[in-house]
Amino acid sequence: MKRIDTGRVIIVGAGLAAHYAALTLAPRPVLMISPEPLGKGASSAWAQGGVAAAMDPADSAAAHARDTVQAGAGTVDAQVAQAVTNEARAHILDLTELGTPFDRTPEGEYVMSREAAHSFARVVRVRGDQAGAEIMRALTAQVREAEHIQVLEGVMATSLETLNGAVCGVTVANCTNGLSAPCLIRGAAVLLAGGGSGGLYALTTNPPPVRGQVIGMAARAGAVIADAEFVQFHPTAINCGLDPAPLATEALRGEGAILINRHGVRFMQDAHPDAELAPRDIVARAVFAQTQAGLAPALDTRRALGTRLLRDFPAVAAACQKAGLNPLVSPIPVAAAAHYHMGGVATDAAGRASLEGLWACGEVASTGLHGANRLASNGLLEALVYGRRCAKDIDAALGPVTEHQAAVCLPDMPADALPRADLVAQLRHTMTNGAGVIRTAQGLQNTLGDIGQIEATQPDSVALANMTATATLITAAALNRRESRGAHFRSDHPESNGATGTRSFLTLTDARAHARLETT
Ligand SMILES: Cc1cc2nc3c(=O)[nH]c(=O)nc-3n(C[C@H](O)[C@H](O)[C@H](O)COP(=O)(O)OP(=O)(O)OC[C@H]3O[C@@H](n4cnc5c(N)ncnc54)[C@H](O)[C@@H]3O)c2cc1C
């Protein structure tokens, strides 16, 4: 395999966590790896609601931390929640400074949206549902200008390279015309910022590159993965046959939109006292149950928003138009779709993973902030807080910047096999069927069996191995957890084992051993 040595910090991924970390690392040379043109192929640019932060003087970081702990169903690390929510305000001010045009009142205060399970309206937003797109637009402009950052576009990471147990580089492949034979890049440090795992499911809101590959890479190198079983399903993905499914943001329910079924029955009032603003897992299960029963759940924005939807939620309006739906006339058909992975590479307060030389931030990491159920709009916040912490810790670990680093120039890499599309589709279907909104031991065992077969059918595809590694971890951890907690619901163990629970920590070897035991 061809090898390149560089003194640059290698950042795998190009979403919010990667951008923020790369900018913080200045003037230290950075190499950012982006499978798509910068700003595309990242969940960050699709975020509609905004960033949770106690910006109103009547609100507080302590209240934000309490809501985070409450939503996480007994598995949030309270110290992490307090520390992250304390920092939130400073990051909103920094994003503003970096050019994000957050919505303001005529008096200049931040306009705050209300989202489910928040005790306060505390989500800063941009033009209704444009937060992610505008934050990324502002940061991408800064990254493009920054002399210390080199971006490799159209390239994906496939494996971590270790030397004496420490991570020292990544193998990358060109993905513009199918995957190419890999090239090894050794760098000063490796920071994973490759997003979550939603795309491992057939019904998802995540962009196509976000398929758990980067968690899988870390797991294959031996990193500990935490809380893998906790996958959040969003209750109001627009059910219109598109893959990925466009999102109808929770802020619509914050504005009074209601969930009804084909008979016009408002079903959330019976399910929870907070009705449509109940915790996300409860709404997702109620929507899923309606779908399973053939009752065609839908989000009715007509009375609460009317034509204001077109002005205040342009992304939702555009998605409806693309799908041939008219929300001014009929409710928007919705389904529960894989949306956010609370689990990921286990990291400490500085963003360090269990392997030396490896850091992780953003959705790819599991910091203890989200527990079994992420509080809405804490995802972008976590990417900001840990993006910056990782950058600072890497900087401290590497010492002063002494040398200029030449740009990395990849050699011509001959084309290699892509993961077979039929196998990826099978993987996504078995995850949705067996490891989805409602799980059973039998369904999870079947899924583990399917994953094993898929792996064996194309053993030479590293990209597929990354996906199956993450799928194995999610499924084995879900099988291990014989209770229901937050987003993890087992119909064969519907109760929680007490109000507080333990987090799960697994290596891929543990997960595979467990899978073997359970399926033989
Ligand atoms: C539709 C939608 C709406 C959302 N709304 C909100 C919201 O309002 N508020 C909120 O807080 N959160 C929201 N979330 C969640 C939030 O957007 C994510 O958790 C957050 O953006 C994660 O940021 P990230 O930088 O970790 O990952 P991402 O932004 O997903 O970036 C991951 C990057 O890694 C790249 N990548 C993937 N595989 C590889 C590989 N093998 N090699 C190299 N690079 C790779 C991807 O292409 C991408 O560039 C939403 C998510 C979605 C999908």
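Taking only DSSP H segments of four or more residues, each worth -39500 (n - 2.57), what value at 222 nm results for the chain once the sum is divided by all its residues, to the nearest 500 deg cm²/dmol?
That comes out to -11000 deg cm²/dmol.
Which residues in region 303-344 place their backbone N less than 16 Å from a point set 7 Å from the Cα of R266 along the Cα-to-Cβ direction?
303-306, 331-332
Can you tell me the length gained on complete extension of the stretch S496 to A289, counting 0.36 nm per residue apart and subtracting the Cα distance? Provide the component values of the computation, followed by the final result.
Values: separation 207, 0.36 × 207 = 74.52 nm, distance 1.99 nm.
Here the segment from S496 to A289 would lengthen by 72.5 nm.
At most 10 other Cβ atoms within 10 Å and a DSSP loop assignment: could you name the chymotrypsin sites (Phe, Trp or Tyr not before Pro) in region 256-345 that fit?
Here no chymotrypsin sites (Phe, Trp or Tyr not before Pro) fit, given the DSSP loop and packing criteria.
Heavy-atom accessible area per residue, region 119-267, 1.4 Å probe: how many Å²?
With all protein chains present, region 119-267 gives 30 Å² per residue.
When only C-alpha pairs under 8 Å and at least 6 residues apart count, what is the relative contact order of the chain, in percent?
22
Nearest 0.05, what FRET efficiency do R516 and L184 give at R0 = 30 Å with Cβ-Cβ as r?
0.45
What net charge do the residues around A515 carry, taking every other residue with its C-beta under 12 Å from that of A515, with Lys and Arg at +1 and Asp and Glu at -1?
Surrounding charge for A515 is -2.
Each label point is 7 Å from the Cα along the Cα-to-Cβ direction; what then is the distance between the points at A63 and Q142, in nm?
Those two pseudo-labels are separated by 2.8 nm.
Taking the Cβ of R352 as the centre, find all other residues whose Cβ is under 11 Å away and add up their charges (Lys, Arg: +1; Asp, Glu: -1).
Net of charged neighbours comes to -2.
Rounded to two decimals, what is Rg over Rh for the chain when you use alpha-carbon atoms and the Kirkwood radius?
Across the chain, the Cα-based Rg/Rh ratio is 0.95.
Tell me the relative contact order for region 235-338 as a rounded percent, counting alpha carbon contacts under 8 Å between residues six or more apart.
The normalised contact order for region 235-338 reaches 37 percent.
Report, as a whole number in µm² per second, the diffusion coefficient that Stokes-Einstein gives for region 235-338 at 10 °C and 1.306 mPa s using the Kirkwood radius over alpha carbon pairs.
Roughly 119 µm²/s, to the nearest whole number.
From Cα pairs below 8 angstrom and at least 6 apart in sequence, can you work out the relative contact order of region 421-519, rounded to a whole percent?
31
Would you tally the net charge around I454, using a Cβ to Cβ cut-off of less than 11 Å, leaving I454 out, and scoring K and R as +1, D and E as -1?
Taking every other residue near I454 into account, the sum is -1.
Pull out the extension gain between A350 and E109, defined as 0.36 nm times the separation in residues minus the alpha carbon to alpha carbon distance; nm, one decimal.
Extending this stretch completely gives an extra 83.6 nm.
What ³J(HN,Hα) values, in whole Hz, does the Karplus curve 6.51 cos²θ - 1.76 cosθ + 1.60 give for region 63-68 when θ = phi - 60°, with x put for Gly and Pro?
3J(HN,Hα) across region 63-68, in whole Hz: 5, 4, 5, 4, 5, 5.
Rounded to a whole number, what % of the accessible area of the chain do carbon and sulfur atoms account for, probe 1.4 Å?
Looking at the chain in its full context, I get 51 percent from C and S.
Please give the length that would be gained between C409 and N164 if that part of the chain were fully extended, namely 0.36 nm times their separation in residues minus their C-alpha to C-alpha distance (nm, one decimal).
Separation in residues times 0.36 nm, less the Cα-Cα distance, equals 85.5 nm.
Based on the mean of other Cβ atoms within 10 Å per residue, sort peptides 273-284, 18-29 so the most packed one is first.
18-29, 273-284
The values are calculated or read from the model by the stated rules, or taken from the named source; none is laboratory data. Note that the structure is a prediction, hence the values are computed from the model and not measured. Please note: Cβ atoms are built from the backbone with ideal geometry, for glycine as well, and neighbour counts cover all protein chains shown. The accessibility values were calculated without ligands, DNA or RNA, using every heavy atom of the protein model including side chains. Shrake-Rupley method; radii C 1.70, N 1.55, O 1.52, S 1.80 Å.
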